[in-house]
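The values are calculated or read from the model by the stated rules, or taken from the named source; none is laboratory data. Everything numeric in this text was worked out from a predicted model, so none of it was measured. Ideal geometry is used to build each Cβ from the backbone, glycine not excepted, and the neighbour counts take in all protein chains shown. The area values use the complete protein model at the heavy-atom level, side chains included, leaving out ligands, DNA and RNA. Shrake-Rupley method; radii C 1.70, N 1.55, O 1.52, S 1.80 Å.
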Amino acid sequence: MSTENERERDEEAANLPDKLGRERLAAPVRRTGMFGATTTGDTSGYGGLQVRGSAPVHSQRPFTDPDDPRTADFDRVADDLEAALGDDAGAVERVEVARGEITFHVRREALPQVARVLRDDPALRYELCTGVAGVHFLDDTGRELHAVYHFRSLTHNSEIRVETTCPDADPHVPSIVSVYPTNDWHEREAWDFFGIVFDGHPALTRIEMPDDWHGHPQRKDYPLGGIPVEYRGATVPPPDERRSYK
Amino acid sequence: MGLEEKLPNGVLLTTVEQVVGLARKSSMWPATFGLACCAIEMMSVGGPHYDLARFGMEKFGATPRQADLMVVAGRVSQKMAPVLRQIYDQMPEPKWVIAMGVCASSGGMFNNYAIVQGVDHIVPVDMYLPGCPPRPEMFLDAVLKLHDKVQNTKLGVHREQEITENEERMLRRSLPLVSRD
Amino acid sequence: MTVTEDYIDASGGDWDDVIEKAQATSAERLVVNMGPQHPSTHGVLRLILTLDGETCTEARVGIGYLHTGIEKNMEYRTWTQGTTFVTRMDYLTPLFNETAYCLAVEKLLGITDRVPERANVIRVMMMELNRMASHFVAMATFGMELGATTVMTNGFREREMILDIFELVTGLRMNHAYVRPGGVAQDLPPGTVGKVRELLKEMPKRIQTMRKLLDENPVYLARTKDVAYLNLPGCMALGVTGPLLRASGLAWDLRKAKPYCGYEDYEFDVPVSDGGDVYARYRVRMAEMEESLKIVEQCLDKLEPGPVMIQDAKIGWPAKLALGPDGLGNSPDHIAHIMSSSMEALIHHFKLVTEGFRVPAGQAYAAVESAKGELGCYAVSDGSTRPHRVHFRDPSFTHLQAVAAMCEGGTVADVIAAVASIDPVMGGVDR
């Protein structure tokens, strides 16, 4: 009887608004204020508004939602990946299922191993990698740069996403060009735009920008670089300096 | 340029101007400088539906050394800018430039780090053609206007006079929203 | 820098210097820079070719000459405004770009199933027309680059027919920004169906004309048969999709494998060939155009009256467009409504147009089978009215990596055929 009371008390404590609120406050701030004004004062009264992002999602099994046909093979894929990785199953930090897509968050050291298994394991057979996309989150401390890969299996007609992160101070992610040669240019692009160094890439050079360009233009701390537009004496600032909604 | 530039001011020069203008405008050799979306419209103009051959311009030259018109069709990136300038320098005088589309004219909607905000930052432009992309008819209109300009281009001393007059006129003109003090 | 191997560098500079150097050494290898402004490179593509006589021993590709910063620019615009940017990426397949982007945004919003049926049918119809237009330009430029002017003029002439329909429906010949998150910008104007039926009657003849001209043409065969061979393992390793993959023998088509916009309801075949060469790619493209005609015909039968924008006031564009005396704009009825009868409607219109809708935080990837291959859009939202990041996996970008595999060992003339058969559009490659 007493143990049951205790459990109830614990459950209550876990759901107390105070605790939930504190958890919410621990989440990273995604946005402050209502407007993008940085040069002029924000007179809307919403300047102090803080919108927080959600904490990282840890999806729990079952990943397959019987009502959503898009998720039909997620449990199978997760099982097969776990089995194929064997002792390295810890490579997958967490799994996220959202919007009918499954994302495996992988430790960066383990990325080549995971990619090799994804391609070679007969149960997985992700023959096609549709490249890597860099994403920059200024506020995701210690994991600022994300490298996001999408894999497609033609054999099993399945699609998954693998995501890995690296801190801004140490922007290194192992290259998977040796497994998926198609990623050659995609990794060069991510280096060019985000400054992610893909260790082991055969020739990691700039691809889109001129060779002597400074900086990595698609990072969030790189300005858009527009110029004010003058029309008959009136000047409109470039899009990133305009007062606008966020 | 040639002998015509050295002629003295007078009736002879005026006549030569007309003859030279007619000759220049009637056989323009465009150099292809297709960059982006506008290039496709430029190619459409070369096709049978719009038929640029009507104006004696169907021979889109592959080499800048045998061309006198450069149609900058599309957005010019920072990486392309030196290439564009080199090709322009390779063209013999006299030469003209049409900035086709808003991107080539002013940067257009791509006001950002990657695009040169108007090709007139690197080469002198004779005709700005708005549109995103301009319709083939608009391109023909720009070509005809340029022909008109070429036909009426003055030479030698007349040219110098014209430039001075133009300069003065531009300084005198007033625009709404602009204060002149 | 020390160059250990003997070669002649013709990648720029004065010809006299090149010739002098060539005469001074006994080098046979010639490094030629082709492009980025060359009529045979299919746009501003730069090829660095190492030639041993006529043979191309090394082919390297330089891109980035049309980098436009579209992905970054979109981060400063609302989700709806994004369509005007993506349409200018691969400017020969604007409707595919828009659809891929809108599918990704709709996935983020969770409204994929609520897009009206009519909007989906219109999307499919426009995409298939666009596929034909793109393939016609592929044929035309291919002909032009090989020196066949008739192919070029015919291709552009046929394309004009499709552009007329695009202009009627979207108001523009290119860069339409017609597909919007939640549906399409406006309904088909009166007379569209008749015009498309006319096209359906005329187009098979035009395709036949082109096939008659090229299918068995000995000159064409000599330039395309067994040229730029790429087999299936090569395709897979290099991430090649679309007509190139199907020309290597695998009938892989996202319209069949992962249907979107209701493609599962249409009957069509996936043309496939096992030649793996330029000619096979040509045959696949031609056959695809014929299949597209079939789909367009089915679209016309499926068109039922109904809304073309999602019936959700928080997302759907508030205004209806109408043709006025000064061009296309908000319909007079709508303006009368917001300006004189309903303050709330005015506020709603203002908020949705200037601020846009919020998209829940998260990420989504949507892919469509564009005329060139798998066109993927990866969109990340941080919960605001603007994208946090949008990345496009453009098929041309990926396919250009195959240039080395296709060209090395062939003659320099085949390089042109190889690049043209990939049909890269630099706007999509560089974005």
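Can you tell me the relative contact order of the stretch A:131-246? Whole percent, Cα pairs under 8 Å, sequence separation 6 or more.
Answer for the stretch A:131-246 is 19 percent.
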Worksheet entry | Sum of side-chain charges, residue C:76 neighbourhood, beta-carbon under 10 Å (Lys, Arg +1; Asp, Glu -1) | +1
Discussion item. Not counting ligands, DNA or RNA, and with a 1.4 Å probe, what is residue A:153's accessible surface area in Å² rounded to the nearest 10?
Written reply: 0 Å²
Worksheet item: Under a point-charge model restricted to the Cβ atoms of Lys and Arg (+1) and Asp and Glu (-1), what is the dipole moment magnitude of the protein assembly as shown relative to its Cα centre, in debye to the nearest 20?
Response: 2240 debye
Item to complete: For the stretch C:317-431, give the magnitude of the charge dipole about the Cα centre (Cβ charges: +1 Lys/Arg, -1 Asp/Glu; no others), in debye to the nearest 20.
Response: 380 debye
Worksheet item: In a shell of Cβ-Cβ distance under 11 Å around residue B:136, excluding residue B:136 itself, what net charge do Lys and Arg (+1) and Asp and Glu (-1) give?
Response: -3
Response to the item:
Highest GNM mean-square fluctuation among C:17, C:301, C:274, for chain C with Cα springs under 10 Å, belongs to C:17
Worksheet item: Peptides C:360-373, C:48-61: what's the order by average Cβ count within 10 Å, highest mean first?
Response: C:360-373, C:48-61
Worksheet item: How high is the relative contact order of chain C, given as a whole-number percent (alpha carbon pairs under 8 Å, six or more residues apart)?
Response: 24 percent
Worksheet, complete the sentence: To the nearest 20 debye, chain C has a Cα-centred charge dipole, built from +1 on Lys and Arg Cβ and -1 on Asp and Glu Cβ, of 1240 debye
Discussion item. Quick check: from the Cα gyration tensor, does the stretch C:278-386 come out rounded (a/c under 1.5), prolate or oblate?
Written reply: oblate
Worksheet item: All other residues with a Cβ under 10 Å from the Cβ of residue B:44 taken together, and with Lys, Arg as +1 and Asp, Glu as -1, what is their net charge?
Response: +2
Item to complete: Using only Cα positions of chain C, each an equal point scatterer, no hydration layer, compute I(q)/I(0) via Debye at q = 0.06, 0.07, 0.14 Å⁻¹ and quote the log10 values to two decimals.
Response: -0.28, -0.38, -1.27
Fill in: Full-stretch length increase - residue C:21, residue C:217 - with 0.36 nm per residue and alpha-carbon distance subtracted
66.3 nm
Worksheet item: Once A and C are treated as a pair rather than alone, how much accessible area drops out, both sides summed, in Å² to 100, probe 1.4 Å?
Response: 4600 Å²
Practice prompt. Kindly identify residues of the stretch A:161-200 having a loss of at least 30 Å² in accessible area between the isolated chain and the assembly of all protein chains, probe radius 1.4 Å.
Written response: A:161, A:181, A:182, A:185, A:186, A:189
Worksheet item: Given B:95/B:154; A:220/C:372; C:320/C:351; C:195/C:258; C:258/C:294; C:225/C:294, which pairs have Cα atoms separated by over 25 Å?
Response: A:220/C:372; C:195/C:258; C:225/C:294
Worksheet entry | GNM result for chain C, Cα springs below 10 Å: residue of C:204, C:36, C:218 fluctuating most strongly | C:218
Discussion item. On C-alpha positions alone, give me the angle between the axis of helix C:192-214 and the longest principal axis of chain C, in degrees, nearest 10.
Written reply: 10 degrees
Worksheet item: So how tilted is helix C:412-422 from the main axis of chain C? Cα-based, degrees 0 to 90, rounded to 10.
Response: 20 degrees
Discussion item. So for chain A, averaging the separation of alpha carbon pairs under 8 Å that are six or more residues apart and normalising by length, what relative contact order in percent results?
Written reply: 15 percent
Item to complete: At 10 °C and 1.306 mPa s, grab the translational diffusion coefficient of the protein assembly as shown from Stokes-Einstein with a Kirkwood Rh over Cα pairs, rounded to a whole number in µm² per second.
Response: 54 µm²/s
Discussion item. Interface size between chain B and chain C, please: total buried accessible area, 1.4 Å probe, rounded to the nearest 100 Å².
Written reply: 2900 Å²
Worksheet, complete the sentence: Per residue, accessible area of the protein assembly as shown with a 1.4 Å probe, heavy atoms of protein chains only, in Å², comes to 42 Å²
Discussion item. Can you tell me what percent of all Cα-Cα pairs in chain A are more than 21 Å apart?
Written reply: 68 percent
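Let me check something: with ligands and nucleic acids excluded, how do B:55, A:151 order by accessible area (1.4 Å probe), largest to smallest?
Most to least solvent-accessible, the answer reads B:55, A:151.
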Worksheet item: Comparing the chain by itself with all protein chains present, which residues of the stretch C:337-380 are at least 50 Å² less accessible (probe 1.4 Å)?
Response: C:358, C:363, C:365, C:378
Discussion item. Run lengths n ≥ 4 of DSSP H only: what is the helix-derived mean residue ellipticity at 222 nm for chain C, with -39500 (n - 2.57) per run over all residues, to the nearest 500?
Written reply: -13500 deg cm²/dmol
Worksheet item: Can you tell which of B:165, B:137, B:41 shows the greatest fluctuation in a Gaussian network model of chain B with Cα springs below 10 Å?
Response: B:165
Item to complete: Give me the percent of the accessible area of the protein assembly as shown that comes from carbon and sulfur atoms, probe 1.4 Å, all protein chains in place.
Response: 54 percent
Discussion item. Output the 0 to 90 degree angle, nearest 10, between the alpha-carbon long axis of helix C:15-24 and the longest principal axis computed from the alpha carbons of chain C.
Written reply: 40 degrees
